[in-house]
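**Student:** What follows is a structure written as structure tokens; I'll ask about it next.
The values are calculated or read from the model by the stated rules, or taken from the named source; none is laboratory data. Just so we're clear, the structure is a prediction, and the values are computed from it rather than from any experiment. Here the Cβ positions follow ideal geometry from the backbone for every residue, glycine too, while neighbour counts run over all protein chains shown. Remember, those area values only see protein heavy atoms, side chains included, never the ligands or the DNA or RNA. Shrake-Rupley method; radii C 1.70, N 1.55, O 1.52, S 1.80 Å.
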Amino acid sequence: MVEDCRLIEFPQKGDDRGHLVIVEGNQDIPFDIKRVFYIYGSDKDVIRGRHANYHSEFVLINVAGTSKVKVDDGKNRKIFNLDRPHIGIYLPKLVWKDMYDFSENSVLLCLASEHYDAKEYIRDYDTYLEIMSKSRGEK
Ligand code: TYD
């Protein structure tokens with residue numbers, strides 16, 4: 001869960017022409033990439049995400065600018081800074097995530113292991129806590 005969330009440094013092949021960063025599915029990240037989307041133009045005080053996913057895993061990369069990602073599994077919380085184009089955060093399934101503190105030039109690239117399916121999103125935090133405590137055998 002939170003302890004499975006981690007920063008990944010991607011291979012860089014920059015030269016005197018500029019930078020090039022490589023992210024290969026199932027090689028640099030632990031899943032095949034089925035979906036790509038990106039978030040930009042979010043104000044500094046906006047909180048995005050605010051959900052968990054039953055199945056999808058994600059890697060988030062600030063390919064420009066900076067943001068923060070807060071992860072939460074109902075027990076533990078951790079905050080990650082995304083501030084370099086060759087660093088991503090891996091988010092396993094069933095982790096609650098908030099993305100926030102976007103810089104003005106932030107472009108947050110999101111790689112996902114699954115196609116979009118609204119039904120696999122948990123968007124109510126109390127429901128999420130119940131699901132997690134059940135899965136821990138607490139209920
Ligand atoms: P949302 O999940 O709120 O974005 P985020 O959590 O990343 O801030 O998505 C915003 C809208 O876009 C919502 O109506 C669902 C839709 N959407 C898709 O249709 N496909 C997608 O792959 C994603 C991520 C969102």
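**Student:** Select from the stretch 1-22 the residues that are farther than 17 Å from residue 91 by Cα, open to solvent by less than 70 Å² (accessible area, probe 1.4 Å) and part of a loop (DSSP other than H, G, I, E, B) and list them in ascending order.
**Tutor:** Listed by number, the residues that qualify are 11, 14, 22.
**Student:** What pairs come up if the first residue lies in the stretch 106-118 and is within 24 Å of residue 46 (Cβ to Cβ) and open to solvent by 60 Å² or more (accessible area, probe 1.4 Å), the second is at pLDDT 95 or above and near the ligand (Cβ under 8 Å from one of its atoms), and their beta carbons are under 7 Å apart, counting only those six or more places apart or on different chains?
**Tutor:** Here the result reads 116/35, each pair linking the stretch 106-118 to a residue that is at pLDDT 95 or above and near the ligand (Cβ under 8 Å from one of its atoms).
**Student:** How about the stretch 68-99: which of its residues are over 23 Å from residue 10 (Cβ atoms) and either within 12 Å of the ligand (Cβ to nearest atom) or of a type in the set (Gly, Ala, Ser) (or both)?
**Tutor:** We begin by selecting, within the stretch 68-99, every residue over 23 Å from residue 10 (Cβ atoms); these are 72-77, 94, 96, 98.
Passing the criteria: 74, 96, 98.
**Student:** Now a separate question. For the stretch 22-42, enumerate the residues that are of a type outside the set (Lys, Arg) and either at positive phi or within 13 Å of the ligand (Cβ to nearest atom) (or both). It would help to see each step written out before you state the result.
**Tutor:** So the first thing to find is which residues in the stretch 22-42 are of a type outside the set (Lys, Arg), and the list is 22-33, 36-42.
The answer is 26, 33, 36, 37, 38, 39, 40, 41, 42.
**Student:** Which condition number in (1) over 19 Å from residue 3 (Cβ atoms); (2) open to solvent by 10 Å² or more (accessible area, probe 1.4 Å); (3) under 13 Å from the mean Cα position of the chain (by Cα); (4) hydroxyl-bearing (Ser, Thr, Tyr) is the one that residue 90 fails?
**Tutor:** All conditions are met except number (1).
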